[in-house]
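Below is one structure, written out as structure tokens; comments come after it.
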Amino acid sequence: MPEYNLDTIADITKGKLKGEGNIVVSKLLIDSRKLFSPDKTLFIALKGKNHNGHRYINDLYNKGIRAFLVSEDIETGMFPEASFIFTENTLRALQLIAGSHRKNFRNEILAITGSNGKTIVKEWIFQLTSPDITVIRSPRSYNSQVGVPLSLWLLNDDAELGIIEAGISKPGEMEWLENIIKPDSVLITNIGQAHQENFSSLEDKLIEKLKILAHADTVYYCRDHKLIHEKINLLYPEIKKVTWGTSDADMNISRISETDNGRTVETEWNGRKTIFNIPFNDNASFEDAMHSVLYALNTGIAATKVSERVAALTGVSMRLEVAEGINNCLIIDDAYNLDLNSLEIALDFLNQQGQKKGLSKTVILSDIIQSGIPEELLYSKVTSLLKEKRIDKLICIGQSISRNINLNELNAESYGSTSEFLQKISLSRFRNEAVLLKGARYFSFERIRSRLEQKTHRTLLEINMNALAHNLNVFRKMLNPETMMMVMVKAFSYGSGSFEIANLLQHQNVDYLGVAYTDEGIDLRLAGITIPIMVMNPDVRSFPAMIQYGLEPEIYNQTLLREYNHAVKESGSEKMPVHIKIDTGMSRLGFFPDEISEVAETINRLDSIYVKSAFSHLAASEDQTHDVFTELQISKFKDTAKELERGIGYSFIRHILNSAGIERFRNAQFEMVRMGIGLYGISAINNSEIKNVVSLKTFITQIKDIPAFESIGYGRSGVLDHDARIAIIPVGYADGLDRRLSNGKGKLLINGRFAPIVGNVCMDMCMADITGIKAEEGDSVTVFGEEYSVSDIADACGTIPYEILTGIGRRVKRVYFSE
């Protein structure tokens, strides 16, 4: 990492330094959760609509950080050993720091922009060029106003090429990125609908993206993309253009053939014909591969080498997965890439998970291939990094790492290959550990994961934590700045796993969590969740436990009100909060409006409780045919809450809006709203910003050829009028595949095509007609996900998404991943 002292950083950012200026920093921290080693760390307190890094300065100071970049007034006397740089805008200061560091990099910078495929193209260019040149590239998809400067900070003199992704979501952003990246060359992938909401047209968005060309010498793109070609020639006529396409391009494609394993592409480059075998069939991968080939050829790498490497291109997994392992272990699989930068990011995540769950920390690490750094120096840096992150145990796999790591120094052991490790290791020795798998693709660490994972059937519910956080912030944008948010995590967080979701929400600074029953709240407290939790269905017998664990009850009748007051008094606790439920038309739990004056009188007589909030439930906020009724509910609630406030003599939090209500009745936010199903990708107004969060996936266990008119499954109800290929799939109604999807009412997504369910859904499996679909045993099957949503499958069942999600069986393994 680069090293700068605070005097220099103050000069770069034009900030005012208060404290010691000779403090040296080499690490930039923007997320307080990701601190592990405070040494040489500068915390940059970023501010946004829903976050403010200044809130964490006291905590970070107590953890050892002594260098801060801030934009708010800070009482520096409270932090006598710290130095502060005061600036007007910490994000712009971060960008200035990165821009200044970039100026020291003398080799080529390639910027990649476009609507889709940026990360894939970046990784494939790395795969095609890194055997010949040393490459540093953005970690994962670090392409935002924050991600780009963090990527630039990684540049060092060892690299001959830096690849930086540049993404935008609104006008004005690309100028800032161009100003700090200052790319020598730019690759434009394509132009599509991503982030279109902030642009009036595709043309306007393209013009904004092309601002990255302002000081570049060369641009790479597909000549067949007419709009891109026209705008580049109009706006940047002098720039050197290197193109691929079917006509009038520098690399012309003369023929494309489909094969069982991908596509064969015949091209002509510099007068020479070359054939490339792309190991993917889809159009997006084809386009990404051709962009990557074009760049590799133009750098001077021989076409024969590029052709060999294209045939060996591997898919890019842009996520880090966490799964339950054997013997109370946690398996962290980061198969995205392996270099020093990605290793440090993964180690920080390992430390978070290990600390959070009280597990020791083990790293299984392979040789780092094609780093461009001499072996001795490379593994010296690896050793320093592992020491800094305080790893408990290291397992080295590969010849290079084994001969360069001091095994005694790091409590390490070594194996020449993955096969040797699997042959010699006793799996029973892995206990109560967080295990990070960080291996180059050559070493096939998926074999290790398979052995270490807790053995369940291979039906998985995948939860995209990035998408969940994204959806939370989409809904937050709909709220007034002062409006608080409660998020419901009842029913196992709608089937997604309560602790993992609650932990993310706590880090996202939501104000309240809501659970259905006391046991759910206790589990969250035992797992380290500290924010307020409301229990919506409290039981009198659970009141002592609620008081012990700081849980707050919904009160919906006089008996509960008096009994809870008595329980608090018996416990010797101070006054405890309660939440008063008002029934405005749901005809479920709650006080009717005409009972509120009596409720107020009771509360005034009780000395051990106070009203924290009053709330109600909307019966049909998602359905515009009932909008008059919904408005009536809101009006009743407003009047009833006002009467309660007059009766008890003090104000309290009011909340009535659920997810659909937040989208459709924004004038009724009161002091708080309650998020539920919207967090998981369900929108009452089909909001295109909302992302899919959960995907139910399984695989084909067997394929059989069944003659026409033969019966299939229980009850012999499945009969087809054609000879059919039938896939048997290990997901049934015990896993959450509704039996109402039997006999063609439901369908499954297999290799990009839908296959109807045949016969009755069984307890543990189902059958699908895959006639005409290219599929093999072991292929992936999607029950619902990005292409076929929870709402789609709910419609097929004649039910609601809530039922589908909460019906996913506990035996279905939950896999949480982040990009």
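The values are calculated or read from the model by the stated rules, or taken from the named source; none is laboratory data. Since the model is a prediction, treat every value here as computed from it, not as a measurement. For neighbour counting, all protein chains shown are included, and Cβ atoms are generated from backbone atoms with ideal geometry for every residue, glycine included. Protein only, heavy atoms only, side chains kept; ligands, DNA and RNA dropped before computing areas. Shrake-Rupley method; radii C 1.70, N 1.55, O 1.52, S 1.80 Å.
Numerical summary
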item	result
Enclosed volume per residue, in Å³, of the convex hull spanned by Cα atoms of region 213-337	159
At most 14 other Cβ within 10 Å, DSSP loop - chymotrypsin sites (Phe, Trp or Tyr not before Pro), region 681-756	F709
Fraction of accessible area attributable to carbon and sulfur, region 476-625 (%, probe 1.4 Å)	47
Difference of contour (0.36 nm per residue) and Cα-Cα distance, L422 to R588	54.0 nm
Mean projected area (nm²) of the alpha-carbon convex hull when region 1-94 is viewed from all directions	5.5
For region 650-697, the Rg and Dmax computed from alpha carbons only, in angstrom	13.1, 51
Length added when fully stretched, K704-N557, from 0.36 nm per residue minus Cα-Cα	47.0 nm
Cβ crowding within 10 Å averaged over residues, with 381-387, 213-219 ranked highest first	213-219, 381-387
DSSP beta bridge pairing in region 596-738, given as percent antiparallel to the nearest 5	70
FRET E, pair N473, A619, Förster distance 22 Å, beta-carbon r, rounded to 0.05	0.20
Inter-site label distance for E786 and Q355 at 7 Å from Cα along Cβ, in nm	3.3
Antiparallel DSSP beta bridges within the chain, as percent of all bridges there, nearest 5	40
Sites E631 and N751 - FRET efficiency at Förster radius 41 Å, r taken between beta-carbons, to 0.05	0.30
R810-S450 pseudo-label distance in nm [points 7 Å out on the Cα-to-Cβ vector]	3.0
Region 363-402 versus region 687-717: alpha-carbon centroid distance in Å	44
Solvent exposure of region 1-72 as accessible area per residue, Å², 1.4 Å probe	48
3J(HN,Hα) from dihedral phi, region 281-291, Karplus parametrisation 6.51/-1.76/1.60, rounded to Hz, x for glycine, proline	9, 6, 5, 5, 5, 4, 5, 4, 5, 5, 4
Cα shape, region 719-783, gyration tensor, a/c 1.5 rule	oblate
Accessible area in square angstrom per residue, region 234-343, 1.4 angstrom probe	46
Share, in percent, of DSSP beta bridges within region 29-182 that are antiparallel, nearest 5	5
Label-point separation, T246 to E388 (7 Å along Cα→Cβ), nm	5.1
Peptides 12-24, 514-526, 226-238 ordered by average Cβ neighbours within 10 Å, highest first	514-526, 12-24, 226-238
Proximal lysines relative to K438, as straight alpha-carbon distance under 18 Å, when same-chain residues fewer than 8 apart are discounted	K361, K381, K387, K389, K393
Expected-Rg normalisation [2.2 N^0.38 Å, Cα atoms] applied to region 418-469	1.40
Calculated FRET value between D157 and I800, using beta carbons and R₀ = 56 Å, to 0.05	0.45
Linear extension gain, N261 paired with D539, 0.36 nm per residue minus alpha-carbon span	94.1 nm
Rg/Rh (Cα only; Kirkwood hydrodynamic radius) as it applies to region 700-819	0.96
Normalised contact order of region 1-40, rounded percent, pairs of Cα under 8 Å and 6 or more residues apart	42
Flagged links, alpha-carbon separation over 20 Å, of K16/K103; K40/K63; K34/K691	K16/K103; K34/K691
Value of relative contact order over region 127-247, rounded to a whole percent, pairs C-alpha under 8 Å and six or more apart	20
Relative contact order for the chain, counting Cα pairs under 8 Å that sit 6 or more residues apart, in percent	8
Centroid-to-centroid separation of region 257-329 and region 772-819 [C-alpha atoms, Å]	29
For mean projected area of the Cα convex hull in nm², calculated from these coordinates, the label among [x] 39.3; [y] 45.3; [z] 54.9	[x]
